[in-house]
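Chemist: Got a structure for you, questions after.
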Amino acid sequence: MPTIADIFANPPLDETVDIAGWLRSRRDAASFSFLAINDGSCLANLQVIADCGLANYADEIKKLGTGCSLAVRGRLQQSPAQGQAVEVVADSVTPVGWADAASYPLQKKRHSLEFLREICHLRPRANTLAAVARTRSRLAFAIHSFLQERGFVQIQTPVITTSDCEGAGEMFQIAAQADGRHFFGKAAGLTVSGQLQAEAYALALGKVYTFGPTFRAENSNTSRHLAEFWMIEPEMAFCDLGGDMAMATALLQYVIGDAFEHSAADLTFFDSFIDKGLLVKLRAIAEQDFVHFTYDEAVARLQAAPVKFAQAPRWGIDLQSEHERWLAEELCKAPVIVTDYPAAIKPFYMRLADDGRTVAAMDILVPGIGEIIGGSQREERLSVLEERMRAAGMNLDEYQWYIDLRRFGSVPHAGFGLGFERLVQLVTGMANIRDVIAFPRAPGLAPC
Ligand code: 4AD
Ligand code: MG
């Protein structure tokens, strides 16, 4: 059975077609009804004309309401009316599943995103959420394509781990068993990043990446944070910070280009209804050079900014979201890569500069979102790494496996993490991260 997208792409005019989907609306004329059917394959509905001569017209077709599922067989013809190129003249319309009009929460009108968030199980039937789901799927595919075409090997790193990669104390903990014992022999939790394990594989396979769920027990109720999100983490042996920046830039530009090509109708919808100017903004990101500032330069620019920030920018504190957005949105009107952050505010694994002041970190900031990518060149020198770990108060015994990577055949290497939901936000223009993942998890929020 073709999808409605197939039919629109390649209309088999004057032939009999079978379609199945959900009714968006029914409009009755004197001797027939118009049925607008959507099957999720594309934004547009297919119009079906059901004549009163059909055997079940009065008993069933006239009772079909928004949300009912149905199967239709009929002849595809050019539509004489405005609004659609083709329509189906039904030979049969078979209700598959009824939806009680009085209690079905979705109506033909537009619903607010806040309302839809309360019915996560039904919201993919709304145009916006369906368009997000399709765009998200294509973006995932494009990311795999980009990395696979460049010889990266995908690895699956563990969801359950005893290593706290970011050292920020944001690991969800796995409770001890009923008998008080730790199932894994010691305290374990849900991963905040697959990076440390990815490094082990990069130092054997060269170029690897992970694409998996990531968990952070940070109490942030913002439009850019989730407690469970997906992250893509490429890791490259024999690579420095410059190579890392170039790869991250190429990945972002590639996937936006792919979206223009393969998600065009959905992007046009977002541009019209969600974020006016989205297409122009995305085109610019795909084509313009990213601006590069060191952290020192970024702080100097922020201190000279003609705006008052809630938190005054000062060397030694992490850039706040308001700072990141001002740099990308106001100052540069382009993505900005900030490198060489103070060592004291970044994790232990980043490579220390010779003067000991900064580390080879990079964050990519984009307009509308702020940080979308965080990465670094890793500390490959055994003694420097051990010293940094001690300074961070880590128990080196527990990380011997990671230290081994510097003991045996260590090489300069680098990688980054791309927050998948933030990428979906960038490409769709959706303002709230909870609308770009099917079932969002945030503080107090896990209803199913
Ligand atoms: O900057 P982060 O914390 O970097 C890491 O985890 C490194 N281990 C990555 C690496 O070098 N392999 O996170 C990377 C990205 C952020 O830039 C952001 O896009 C996203 O992950 N991110 C979140 N997205 C949604 N909700 C959250 N709570 C997020 N925390 C980070
Ligand atoms: Mg970060």
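Chemist: Per residue, what volume in Å³ does the convex hull of the Cα atoms of region 254-295 enclose?
Modeler: Roughly 83 Å³ of hull volume per residue.
Chemist: Treat every Asp and Glu Cβ in region 343-448 as -1 and every Lys and Arg Cβ as +1, leave all other atoms uncharged, and give the resulting dipole magnitude about the Cα centre to the nearest 20 debye.
Modeler: Around 100 debye, computed over region 343-448.
Chemist: Using a simple spin-label model with points 7 Å from Cα along the Cα→Cβ vector, what separation in nm is obtained for ARG150 and PHE238?
Modeler: 1.6 nm
Chemist: If you place +1 on the Cβ of every Lys and Arg and -1 on the Cβ of every Asp and Glu, how big does the dipole about the Cα centre of the chain come out, in debye to the nearest 20?
Modeler: For this selection, approximately 900 debye.
Chemist: If you don't mind, there's one more thing I want to ask. Just to compare against my own numbers: the Cα pair-distance distribution for region 37-121, 10 Å bins, whole % per bin, please.
Modeler: Calculated P(r), rounded to whole percents: 15, 41, 32, 11, 0.
Chemist: A further question on this structure: State, to one decimal in nm, how far the label point of ALA20 lies from the label point of ALA81, with both points 7 Å from Cα in the Cβ direction.
Modeler: Result for the modelled spin labels: 2.7 nm.
Chemist: Taking 0.36 nm per residue of separation and subtracting the Cα-Cα distance, what length does fully extending ALA353 through PHE309 add?
Modeler: In short, 12.9 nm is gained.
Chemist: In Å, the Kirkwood hydrodynamic radius of region 83-156 over pairs of distinct alpha carbons?
Modeler: 16.5 Å
Chemist: Test of understanding: ordering LEU13, LEU116, LEU252, LEU122 by Cβ neighbours within 10 Å, fewest first, what list do you get?
Modeler: LEU13, LEU122, LEU116, LEU252
Chemist: Let me see the P(r) profile for region 1-146: every Cα-Cα distance counted, bins of 10 Å, each bin given as a percent of all pairs.
Modeler: In order of increasing distance, the bins hold 11, 39, 33, 15, 2, 0 percent.
Chemist: How much length is gained on full extension from ARG27 to PHE408, taking 0.36 nm per residue of separation minus their Cα-Cα distance?
Modeler: Using 0.36 nm per residue and subtracting the Cα-Cα distance, I get 130.0 nm.
Chemist: Determine the equivalent ellipsoid of the chain by diagonalising the alpha-carbon gyration tensor, then write out the semi-axes as square roots of 5 times the eigenvalues, largest first, rounded to whole Å.
Modeler: 49, 24, 20
Chemist: In Å, the Kirkwood hydrodynamic radius of region 385-448 over pairs of distinct alpha carbons?
Modeler: It works out to 15.8 Å.
Chemist: Considering only ALA284, CYS239, PHE348, whose Cα is most displaced toward the positive end of the charge dipole of the chain, charges sitting on Cβ of Lys, Arg (+1) and Asp, Glu (-1)?
Modeler: The Cα lying farthest towards the positive end belongs to ALA284.
Chemist: Which one, ILE49, PRO158, SER410, is farthest towards the positive end of the dipole of the chain when Lys and Arg carry +1 and Asp and Glu -1 on their Cβ?
Modeler: Comparing the listed Cα positions along the dipole, ILE49 ranks first.
Chemist: Follow-up. Regarding region 341-448, what are the three Cα extents along the principal axes, ordered largest first, in Å?
Modeler: Computed over the Cα atoms, the extents are 45, 32, 25 Å.
Chemist: Only helical DSSP H runs with n ≥ 4 go in: add -39500 (n - 2.57) per run for the chain, normalise by residue count and round the 222 nm mean residue ellipticity to 500 deg cm²/dmol.
Modeler: So the helix-based figure for the chain works out to -8500 deg cm²/dmol.
Chemist: Shifting gears a bit: So how compact is region 231-276: Cα radius of gyration and Dmax in angstrom?
Modeler: 14.9, 45
Chemist: Among GLN82, THR358, TRP230, pick out the residue whose Cα is farthest towards the positive end of the charge dipole of the chain, where Lys and Arg carry +1 and Asp and Glu carry -1 on C-beta, about the Cα centre.
Modeler: Most positive-ward Cα: GLN82.
Chemist: Loop only by DSSP, 16 or fewer other Cβ within 10 Å of the Cβ. Give me the GluC sites (Glu not before Pro) in region 44-129 that pass, ordered by residue number.
Modeler: Taking region 44-129 and a limit of 16 other Cβ atoms within 10 Å, the loop GluC sites (Glu not before Pro) found are GLU118.
Chemist: Another question, then. Nearest 0.05, what FRET efficiency do SER220 and ASP6 give at R0 = 30 Å with Cβ-Cβ as r?
Modeler: Using R0 = 30 Å, I get an efficiency of 0.10.
Chemist: Pairs of Cα atoms under 8 Å, at least six residues apart: use those to get the relative contact order of the chain, whole percent.
Modeler: Working: 815 pairs, mean separation 58.7, N = 448.
Rounded, it is 13 percent for the chain.
Chemist: If you find the alpha carbon centre of region 364-411 and of region 35-72, how far apart are they in angstrom?
Modeler: Centre-to-centre distance over Cα atoms comes out at 58 Å.
Chemist: So, one more: With a Förster radius of 41 Å, plug the Cβ-Cβ distance of GLU398 and LEU331 into 1/(1 + (r/R0)^6) and report the FRET value to the nearest 0.05.
Modeler: The computed FRET efficiency comes out at 0.45.
Chemist: Which value, in debye to the nearest 20, describes the size of the charge dipole of region 57-149 about its Cα centre when Lys and Arg Cβ atoms bear +1, Asp and Glu Cβ atoms bear -1, and nothing else is charged?
Modeler: Values: 13 positive and 8 negative charges, 45 e Å.
With Lys and Arg at +1 and Asp and Glu at -1, about 220 debye.
Chemist: Continuing with this model, one more query. Would you mind checking which residues have amide H under 5 Å from THR294's amide H? H placed 1.01 Å from N; only 5 or more apart, or other chain.
Modeler: Those qualifying (amide H under 5 Å, at least 5 residues apart or on another chain) are THR339.
Chemist: Could you state the per residue volume, in Å³, of the convex hull enclosing the Cα atoms of region 126-254?
Modeler: It comes to 152 Å³ per residue, whole-number rounded.
Chemist: Extension gain ASP59-ARG381, at 0.36 nm per residue separation less the Cα-Cα distance, in nm? Before the final figure, lay out each step's value.
Modeler: Working: separation 322, 0.36 × 322 = 115.92 nm, distance 7.78 nm.
Using 0.36 nm per residue and subtracting the Cα-Cα distance, I get 108.1 nm.
Chemist: Let me ask something else. Would you mind checking which residues have amide H under 5 Å from ALA71's amide H? H placed 1.01 Å from N; only 5 or more apart, or other chain.
Modeler: THR94, VAL96
Throughout, read-outs are computed from the coordinates displayed, never taken from laboratory work. In this text the structure is predicted, and so the values were computed from the model without any measurement. No Cβ is skipped: glycine too gets one built from the backbone with ideal geometry, and neighbour counts run over all protein chains shown.
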